Every structure is written in structure tokens, then in C-alpha cells.
Amino acid sequence: MQAYCMKCRGKVEIKNPKAITMKNGKPATQGICPKCSTKVFRIGKA
């Protein structure tokens, strides 16, 4: 799964993806950028 990295300014493959639920109840995926180790986030079902 890919997400947009704000630091690298591009789409990257999510490292260690983890399915989470946001405060409003919607599903999302959270992980780490493999290039710069910043948190990346993608809204939607995994």
C-alpha cells in the first residue's frame, strides 16, 4: 500500500502498515516512510 510522504513530497510504499480507526470512526492506515522514517498516513480501508 502506498501513502504520500510530506517530507519526501511523493508517494512511498508504507513500511510497517498498521490499520487504525480515526476519532470520527473512519478506517485508516498508518506507517513509516522507508526513505526518511517519517510517519505516513492514508485514509480508507486497507
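Before moving on, here are some points about what is shown:
- Of the residues making up segment 21-46, just one is more than 13 Å from residue 1 (Cβ to Cβ), surrounded by 12 or more Cβ atoms within 10 Å (Cβ to Cβ) and among the β-branched types (Val, Ile, Thr), namely 38.
- Some residue of segment 12-21 being part of a strand (DSSP E or B), out of contact with any Lys or Arg (no Cβ under 7 Å at 6 or more places or on another chain), at positive phi and not basic (Lys, Arg): yes
- Check on residue 42, on the phi > 0 side of the Ramachandran plot and out of contact with any Cys (no Cβ under 8 Å at 6 or more places or on another chain): no
We did not get these values from a lab; they are worked out from the coordinates using the rules stated. As the structure is a computational prediction, the values presented were derived from the model and not from experiment. Glycine also receives a Cβ, built like all others from the backbone with ideal geometry; neighbour counts cover every protein chain displayed.
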